[in-house]
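Novice: Quick one: the structure is below, and I'll ask about it shortly.
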Amino acid sequence: MNFKRIQYFDHPTDAADRPWVILFHGFGADAHDLEGLRDYIFLNSKVNWRFPNGVFEVPIGPGWTGRAWWPLTLSSLPSDWSDYTPEVMNTLVPAVIKMIEDLKVPWNKVILGGFSQGAMLATEIYLQAPEKPLGLISMSGSLIRQTEWTKKLEERKGAKVFLCHGENDQVLPIKGSQKLLNIFKQKGLEPQWVTFPGGHEIPPKALQGITQYINGLI
């Protein structure tokens with residue numbers, strides 16, 4: 001499948017060359033799902049925001065559909081995501097990178113982030129980008145594509161990244177983020193790690209950590 005254009009919703013500032021925070025939603029949500037986070041992330045200076053929309057339409061209940069970055073079958077989810085590779089990754093990633101490069105800003109002004117499936121995609125883009133992005137925010141994500149990511153991490157040594165996860169997450173267990181955290185450390189990145197007693201969510205403690213992280217970058 002060829003993804004020629006990724007749809008998105010922007011919230012720009014008065015200057016396009018300010019840093020861009022690009023957040024990818026999770027499975028079954030859509031581009032508007034994370035927009036509200038802007039009201040709870042209190043930054044010291046202005047940034048531009050972009051919220052891309054998943055390329056697949058997926059059913060989430062009787063008469064209801066959402067969006068996804070790649071299809072998932074709930075009956076066949078892996079117990080360990082470490083070696084999981086979505087079939088569409090080779091065509092999805094170039095389309096997302098083009099969407100970002102169309103902004104005409106350098107990668108060192110781009111902070112990538114996402115929730116759940118979106119966090120996995122954000123990490124993939126962070127590692128595949130031709131230059132090191134400014135930052136990475138992984139909310140309730142997981143290690144996938146372990147072999148490929150481990151190789152790419154050699155090019156991101158010293159980078160500051162952020163991860164958060166609920167200790168009681170039954171949808172995407174915290175062990176996946178812990179594995180990613182450990183590989184980041186092993187490869188010389190500087191991760192900020194926030195856990196909370198909840199589940200598959202983004203509570204105030206996570207938002208406080210994200211606020212601190214972005215303020216430390218911009």
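All of the numbers you see were taken from the coordinates with simple rules; none came from a lab. Since the model is a prediction, treat every value here as computed from it, not as a measurement. Backbone-built Cβ (ideal geometry, glycine too); neighbour counts: all protein chains shown.
Novice: Just flag the GluC sites (Glu not before Pro) in the range 83-142 sitting in loop per DSSP whose Cβ has no more than 11 other Cβ atoms within 10 Å.
Specialist: 87, 131
Novice: Assuming 0.36 nm per residue, please report the length gained on full extension of the stretch residue 43 to residue 104 beyond their Cα-Cα distance.
Specialist: Value of the extension gain: 19.7 nm.
Novice: Follow-up. Any chance you could check the Cα centroid distance between the range 1-66 and the range 111-145 for me, in angstrom?
Specialist: 14
Novice: May I pose another question? Neighbour counts of other C-beta atoms within 10 Å: give me 39, 83, 33 arranged from fewest to most.
Specialist: Fewest-to-most ranking of 39, 83, 33: 39, 83, 33.
Novice: Moving on to the next point. How many Å³ per residue does the convex hull of the Cα positions in the range 117-218 occupy?
Specialist: Taking the convex hull of the Cα positions in the range 117-218, it is 83 Å³ per residue.
Novice: Starting from 0 in steps of 5 Å, tell me what percent of the Cα-Cα pairs of the range 18-133 lands in each bin.
Specialist: Per 5 Å bin, starting at zero, the Cα-Cα P(r) for the range 18-133 comes out as 2, 10, 21, 23, 19, 13, 7, 4, 1 percent.
Novice: For residue 58, list long-range residues whose amide hydrogen, built 1.01 Å from N in the peptide plane, is under 5 Å from its own amide hydrogen.
Specialist: 66, 67, 68
Novice: Also, I was wondering about something else. What is the extension gain from residue 8 to residue 192, computed as 0.36 nm multiplied by their sequence separation minus the C-alpha to C-alpha distance, in nm to one decimal?
Specialist: So the extension gain works out to 63.5 nm.
Novice: Taking 0.36 nm per residue of separation and subtracting the Cα-Cα distance, what length does fully extending residue 151 through residue 79 add?
Specialist: 23.6 nm
Novice: Apply the Karplus parameterisation 6.51 cos²θ - 1.76 cosθ + 1.60, with θ equal to phi minus 60°, to every residue of the range 25-34 and state each ³J(HN,Hα) to the nearest whole Hz, in sequence, with x for glycine and proline.
Specialist: Running phi through 6.51 cos²θ - 1.76 cosθ + 1.60 with θ = phi - 60° gives 6, x, 4, x, 8, 7, 4, 7, 4, 9 Hz.
Novice: How long are the semi-axes of the equivalent ellipsoid of the range 1-70, defined as square roots of 5 times the Cα gyration tensor eigenvalues? Whole Å, largest first.
Specialist: Calculated on Cα positions only, the semi-axes equal 26, 15, 8 Å.
Novice: Something else: Can you give the longest stretch of the chain with no exposed loop site, where a site means chymotrypsin sites (Phe, Trp or Tyr not before Pro) in a DSSP loop (not H, G, I, E or B) with at most 14 other C-beta atoms within 10 Å?
Specialist: 43-218
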